[in-house]
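Reading through the structure tokens given below for one structure.
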Amino acid sequence: MTLLSEVKSHYGRLKFHVNGEWVEPRSTEIQEVTNPATDEAIAELSPATSGEARAAVEAAHQAFQTWKDFPMRERARLLFDMRAKFEERFDEMTRILTQDHGRTIGEAQGSVRRVIENIESACSALYGLAKQNEHMDQLANGIDQYLVWEPLGPFLIITPGNIPMHAWSSFVPYALAAGCTVVVSPSRQDPVAAEMICKVALETGFPPGVINMVHGGRQINTEILDQPEIKGVGFIGSNRAGWELFAQCGRLGKTSSINGNGKNHVLIMPDADLDESVSWMIRSCFGMTGQRCLGVDNVVIVGDIYDEVKKRFLEAAKQMKLGYGLDKTVQLGPVTVPSIRENVLEWIENSLQDGAQMVLDGRKVTVPDYPKGYFLAPTILEGVTVDMPMAKQEAFGPVAALIRCESLDQAIEWINTKTNLGHSANIMTSSGRNARKYIRECNVGNVGVNVGVAQPFSFFPLGSRRESFVGTAKSRMASMRMFMDEKTITARWV
């Protein structure tokens with residue numbers, strides 16, 4: 001076994017970034033940050049005090065007064081320079097993400113590549129602003145009218161533990177392109193990765209206060225969003241936290257992009273290429289150890305191919321190699337923190353009590369080189385019906401539930417009516433007719449055809465629906481409409 005080297009074995013006590021400076025936390029409360037593969041401490045984390053959070057908000061507010069008036073091409077230059085920095089530090093960032101989060105190095109490389117693509121997309125959005133402005137001469141006698149878009153102000157950006165870098169890039173570059181400033185509040189599950197992405201971005205030379213970061217949690221997030229200078233929030237995380245933030249935004253009259261839980265499906269049609277389908281199922285069900293917004297845990301199989309799909313899927317899942325993701329041969333890393341592992345184990349146990357049957361049990365896996373890691377092997381359940389709680393609730397772990405289905409129409413009905421969540425739905429088929437019907441009739445925001453994960457490219461929004469999303473605008477390119485507001489000007493000069 002050959003491991004890629006860790007950037008550091010320990011990153012010390014993590015700092016906040018406020019008004020252009022890295023500052024030591026004042027709190028004496030310290031939480032250990034551990035490597036999920038080894039359970040060894042790799043950093044120390046202290047939550048922000050109310051005063052530290054307020055200082056970050058004030059810095060963002062003051063910086064906004066000048067950043068909003070930065071020439072467009074200067075903002076674009078900084079974004080292009082930031083992209084170059086991320087390319088330059090690509091390898092280092094992927095290794096830190098693997099060490100802190102638990103994903104494989106290949107998955108980390110994919111995530112950092114998505115970050116770079118979002119920066120590119122933000123640059124495109126910046127130049128696209130000119131096309132959004134509309135001008136009409138002589139609307140009435142001597143009257144001209146035109147529309148401009150203006151940045152709203154400082155925003156709170158809350159990133160989750162499962163995609164600490166990718167989620168950052170789904171909002172921050174777009175906010176900066178729009179002329180807004182940010183206070184970033186990362187998840188405490190993997191804060192080393194969150195600090196790293198902030199450091200690399202700041203190497204570009206943004207003015208002090210444009211990008212601020214504090215480690216806090218739900219209470220600090222609430223306090224920051226309460227501040228009158230903060231105009232809204234970009235959030236990816238759980239429905240429980242997201243809907244609390246949405247209610248707070250409603251009470252305060254603030255804008256938001258709230259992305260929550262999912263319960264995603266992959267439908268295997270009788271005409272599908274089963275070898276390809278199983279390959280994609282492995283990625284969608286077990287990739288990133290199931291900790292993926294657009295990952296799948298309901299595998300719906302139509303017709304008499306059920307036994308063959310089950311056989312092939314089982315064989316492929318058994319072959320997955322578990323371990324530390326810095327080993328390039330590893331296909332499945334640990335979950336990020338022990339509490340996620342406990343939640344998944346509880347989900348599996350509840351499912352068995354509700355009548356599901358075990359096909360492949362990954363609960364008591366041992367990884368000899370990493371006996372203290374937070375590992376779960378692939379778990380496959382069957383005997384599942386769409387009315388069971390497990391078919392409606394996100395597992396958020398390496399778990400797949402096999403569900404028998406009679407037809408495409410029945411599957412679409414289940415997806416649309418048996419859960420209130422609407423992130424994604426995938427179909428494996430060789431029929432254009434089937435695919436088109438699925439695309440048009442599934443009430444979800446992201447549809448995949450013969451792919452494992454229906455991941456939109458950065459130029460497209462994460463188009464989630466129903467209880468998986470609430471707010472003003474979707475993330476990525478669409479978030480520009482959250483960070484800016486229209487102003488219509490009517491002028492008479494003759």
Contact list, first residue from region 478-492 and within 12 Å of residue 152 (Cα to Cα), second anywhere and at pLDDT 90 or above and exposed (fewer than 14 other Cβ atoms within 10 Å of the Cβ), beta-carbon distance below 7 Å, six or more apart or interchain, is 484/150; 485/150; 487/150
Please pick out the residue among 266, 210, 214 that is touching a residue at least 12 places away in the same chain (Cβ under 8 Å) and within 30 Å of residue 9 (Cα to Cα).
214
State all residues of region 71-102 that are crowded, with 16+ Cβ neighbours inside 10 Å and outside any helix (DSSP H, G or I); if no residue qualifies, say none.
89, 102
Scan region 108-163 residue by residue and report those that are of a type outside the set (Gly, Ala, Ser), assigned to a helix (DSSP H, G or I) and more than 24 Å from residue 75 (Cα to Cα).
109
Can you pull out every residue in region 406-442 that is small (Gly, Ala, Ser), assigned to a helix (DSSP H, G or I) and within 12 Å of residue 267 (Cα to Cα)?
411, 435
Hey, any hits in region 382-392 for a residue that's buried (at least 18 other Cβ atoms within 10 Å of the Cβ) and closer than 22 Å to residue 162 by Cα?
yes
Matching residues, region 317-339, being buried (at least 23 other Cβ atoms within 10 Å of the Cβ) and without any contact (Cβ under 8 Å) to a residue 60 or more places away in the chain
322
Scanning region 264-290 residue by residue, those buried (at least 24 other Cβ atoms within 10 Å of the Cβ) and outside any helix (DSSP H, G or I) turn out to be 264, 265, 266, 267, 268
Kindly indicate whether residue 451 is within 19 Å of residue 276 (Cα to Cα) and assigned to a loop (DSSP other than H, G, I, E, B).
yes
Examine region 323-339 for a residue that is within 27 Å of residue 443 (Cβ to Cβ) and either touching a Lys or Arg at 6+ places or on another chain (Cβ under 9 Å) or aromatic (Phe, Trp, Tyr) (or both), and state whether such a residue exists.
no
Selection count, region 216-237, where residues are more than 26 Å from residue 113 (Cβ to Cβ), part of a loop (DSSP other than H, G, I, E, B) and out of contact with any Ser or Thr (no Cβ under 7 Å at 6 or more places or on another chain):
5
Quick check on my filter: what residues within region 10-31 are out of contact with any strand residue (DSSP E or B) (no Cβ under 6 Å at 6 or more places or on another chain), in a strand (DSSP E or B) and exposed (fewer than 14 other Cβ atoms within 10 Å of the Cβ)?
21
Which condition does residue 48 not pass, out of (1) more than 24 Å from the chain's Cα centre (by Cα); (2) aliphatic (A, V, I, L, M); (3) crowded, with 16+ Cβ neighbours inside 10 Å, if it passes all the others?
(1)
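The values are calculated or read from the model by the stated rules, or taken from the named source; none is laboratory data. In this text, all values refer to a predicted model and were calculated from it rather than measured experimentally. Neighbour counts are summed over all protein chains in view; Cβ atoms, including those assigned to glycine, are modelled from backbone coordinates with ideal geometry.
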